[in-house]
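Engineer: Take a look at the following structure, please.
Only the coordinates and a few stated rules stand behind these numbers; no lab work does. What you are looking at is a predicted structure, and each value in this text was computed from that prediction instead of being measured. In this analysis, Cβ positions are derived from the backbone assuming ideal geometry, glycine residues included, and neighbour counts consider all displayed protein chains.
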Amino acid sequence: MKILIATDKPFAAEAVTGIREVIDGAGMQVALLEKYTDKKQLLDAVRDANAIIIRSDIIDAEVLDAATQLKIVVRAGAGYDNVDLAAATAHNVVVMNTPGQNSNAVAELALGLMVYAVRNAYDGSSGSELQGKKLGIHAYGNVGRNVARIAKGFGMEIYAYDAFCPKEVIENDGVKAVSSAEELYASCQFISLHIPATAETKNSINAALLDKMPKGAVLVNTARKEVINEADLLKVLETRPDFKYVTDIMPDKDAEIKEKFAKRYFSTPKKMGAQTAEANNNAGVAAAKQIVDFLVNGNTKFQVNK
Ligand SMILES: NC(=O)c1ccc[n+]([C@@H]2O[C@H](COP(=O)([O-])OP(=O)(O)OC[C@H]3O[C@@H](n4cnc5c(N)ncnc54)[C@H](O)[C@@H]3O)[C@@H](O)[C@H]2O)c1
């Protein structure tokens with residue numbers, strides 16, 4: 001069995017070593033394609049692969065057509081909107097993610113962005129504190145839960161809204177569960193986004209929601225750029241001088257927003273929420289273990305295209 005690691009943005013060397021150990025240990029073979037510059041390199045590399053480990057790499061119908069021996073693709077990470085799930089299903093290819101493996105890394109960054117916002121981009125001026133402030137966690141999944149855990153240490157009052165997670169799960173963590181996104185935004189000065197990019201959530205963070213946020217609003221996005229309605233975001237930044245936006249996913253209009261609202265806006269230059277040595281390693285090794293468990297035992301626990 002040949003397991004291809006296809007990563008345009010490579011794993012840390014330590015993670016590759018960890019992946020190799022798992023795959024070698026199962027008597028399977030590793031192939032490595034890193035920093036490819038051309039899709040053709042990927043199409044060539046997948047030809048004889050039985051399994052592929054990817055990060056943000058695009059797996060579309062063309063890649064699946066080329067990968068005639070493929071049984072499984074594992075996205076080492078949480079979001080899997082870079083894989084064409086319908087095409088994978090049509091090709092009888094199992095798709096998995098590795099939920100939870102990078103959640104702490106993303107959650108720490110979310111809190112870091114909040115501190116950055118309330119301390120005025122560390123410009124030496126007097127800022128404000130997170131303690132005692134209301135934080136709304138929009139989607140209480142793996143990252144949202146970790147944000148709640150860390151925000152408790154900051155002494156924040158924590159609310160959450162999740163369309164699918166039972167209220168009891170949220171309340172058991174000492175977090176107030178609210179019944180709608182509207183209620184969350186109306187209640188909380190700080191909102192941290194942790195919804196996946198789906199047909200339902202794309203463009204859903206709009207002016208109607210953001211305008212509900214109390215004075216001194218800070219919106220933190222470590223989820224996906226697509227969930228934000230960018231035109232509305234610009235409008236809200238324009239009309240509300242108290243509104244700040246800090247994000248790990250650069251908006252399309254980054255240059256314009258930076259020019260107009262420099263003091264109230266920050267974007268990381270490149271998505272880096274999960275870019276820690278620990279998260280890299282955890283997600284890579286988990287992907288390798290899931291592949292072996294699937295190929296040897298048929299375990300489909302983390303399949304996302306059922
Ligand atoms: N910045 C980064 O590097 C980075 C890293 C990891 C994840 N992410 C993003 O963060 C998102 C969350 O990650 P996660 O690991 O917590 O995922 P997760 O799957 O554990 O949690 C997602 C949560 O969203 C909820 N949800 C889905 N649709 C919803 C809706 N319409 N309204 C409200 N809640 C909804 C689900 O019930 C679930 O609890 C990912 O989908 C990904 O896009 C970004």
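Engineer: Apply the a/c threshold of 1.5 to the C-alpha gyration tensor of region 171-277 and tell me whether it is rounded, prolate or oblate.
Structural biologist: The shape class here is oblate.
Engineer: A further question follows. Can you put Arg264, Arg20 in order of Cβ neighbours within 10 angstrom, beginning with the fewest?
Structural biologist: Exposure proxy ranking, most exposed first: Arg20, Arg264.
Engineer: Can you list the HN-Hα couplings for region 157-166, worked out from phi with the Karplus curve (6.51, -1.76, 1.60; θ = phi - 60°), rounded to whole Hz and with x for Gly and Pro?
Structural biologist: For region 157-166, the Karplus curve yields 8, 10, 10, 8, 10, 9, 6, 10, 6, x Hz.
Engineer: Given points 7 Å out from each Cα along the Cα-Cβ axis, report the Thr37 to Cys165 separation in nanometres with one decimal.
Structural biologist: My value for the distance between the label points is 4.3 nm.
Engineer: I need to check one value: relative contact order of region 1-126, counting alpha carbon pairs closer than 8 Å and at least 6 residues apart, in percent.
Structural biologist: 21
Engineer: Using θ = phi - 60° and the Karplus curve 6.51 cos²θ - 1.76 cosθ + 1.60, what whole-Hz ³J(HN,Hα) does each residue of region 198-208 get, with Gly and Pro shown as x?
Structural biologist: 10, 4, 6, 8, 4, 6, 7, 8, 10, 4, 4
Engineer: I would also like to ask the following. Using just the helices of the chain, give the 222 nm mean residue ellipticity in deg cm²/dmol: DSSP H runs with n ≥ 4 each add -39,500 (n - 2.57), and the total is spread over all residues, rounded to 500.
Structural biologist: Rounded to the nearest 500, it is -11000 deg cm²/dmol.
Engineer: Counting only residues 5 or more places away or on other chains, whose amide H sits under 5 Å from the amide H of Lys134 once H atoms are built in the peptide plane?
Structural biologist: Under 5 Å from the amide H of Lys134 lie the amide H atoms of Glu157, Gln189, Phe190, each far enough along the sequence or on another chain.
Engineer: Straight-line reach from Lys152: which lysines have a Cα under 19 Å away, not including same-chain ones fewer than 8 places off?
Structural biologist: Those lysines meeting the cut-off are Lys133, Lys134, Lys167, Lys176.
Engineer: With θ set to phi - 60°, apply the Karplus curve 6.51 cos²θ - 1.76 cosθ + 1.60 along region 59-67 and write out the HN-Hα couplings as whole Hz, x wherever there is a Gly or Pro.
Structural biologist: Coupling constants for region 59-67: 10, 10, 4, 5, 5, 5, 4, 6, 8 Hz.
Engineer: Please list, in order, the residues from region 201-215 whose amide nitrogen is less than 18 Å from a point placed 7 Å along the Cα→Cβ vector of Leu85.
Structural biologist: 201-204, by backbone N distance to the label point.
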